[in-house]
1. Tell me which residues come under 5 Å, amide H to amide H, from residue 147 once H is placed; ignore anything under 5 positions away on its chain.
2. Give me a comma-separated list of calculated 3J(HN,Hα) values for segment 64-71, in order, Karplus coefficients 6.51, -1.76, 1.60 applied at θ = phi - 60°, integers in Hz, x for any Gly or Pro.
3. If we count every other residue with Cβ under 15 angstrom of residue 141's Cβ, Lys/Arg +1 and Asp/Glu -1, where does the sum land?
4. Using 7 Å Cα-to-Cβ label points, what is the residue 138/residue 14 separation (nm, one decimal)?
5. Take the alpha-carbon centre of segment 98-116, take the same for segment 69-91, and report the distance between them in whole Å.
6. What ranking do 79-90, 137-148 get when scored by the average of other Cβ atoms within 10 Å per residue, highest first?
7. Once you list every other residue whose beta carbon is under 12 Å from the beta carbon of residue 32, what net charge do they have if Lys and Arg are +1 and Asp and Glu are -1?
8. I need the calculated FRET efficiency for the pair residue 110 and residue 161, taking r as the beta carbon distance and R₀ as 41 Å, to the nearest 0.05.
Amino acid sequence: MTDPLSFPFLEGAALSGAVTFMYNRVSAALDRRAGRSSTGQQEEAGSETSQLTPHTERMNEDRVRRFVEYATWLRGLEQNEHLNGSDHDLRRFLGRIREELEEVYGMGFAFGPGEKRKPRGSGAVVDVFQTAETVDGHLRGVRARGVAENADVRIIQGLGNVGNGAEATGLEIDGTIG
């Protein structure tokens, strides 16, 4: 799982270019999902030219809703001449968008100098979404001995009250994923 704060520190034209690239990819995925586009586009992704085709089967209704929100925000960022690459909230936001784009496109998108990104979805994919108003005993999202380098694991927990002595574990490494 990628830490959204790992989005590289970029300034000026590099940051603007990353925002524009991500806006174009989000828009293309939405267009393809809506049937407005049928072919991938040749574009520069980092230093490599690749066929960029979104996998629309990975675009459920929640993701479509998020992508519509991302498109609005990215469009606004594109028009901002004073983007601050050291802004942690901005980097967290861009990191979250990049992570979802990598899932939808099945490839990594590198933006920073020397940054290497592995293709997303090339190994085991584990998504755990847990919600609980009250946890009185033990709640575990995933138990594994290890996580393979090419595995994608995402755990999202929305917990209300975790009782005294109760335990809510998102990931416990004891077996292997991937």
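Read the figures in this text as sums done on the coordinates, not as results from a lab. Bear in mind that the values here come from a model prediction, so they are computed numbers and not experimental data. Neighbour counts run over all protein chains shown; Cβ positions are idealised from the backbone, glycine included.
1. Those lying under 5 Å, H to H, from residue 147 are 177.
2. 4, 4, 5, 5, 4, 5, 4, 4
3. Values: positive: 140, 143, 154; negative: 127, 152, 167, 172, 174.
That sum, taken over residues with Cβ under 15 Å, equals -2.
4. That separation, rounded to one decimal, is 4.7 nm.
5. Computed from Cα coordinates, the inter-centre distance equals 17 Å.
6. Details: 79-90: 11.2, 137-148: 14.2.
Top to bottom by mean Cβ count within 10 Å: 137-148, 79-90.
7. +2
8. 0.50
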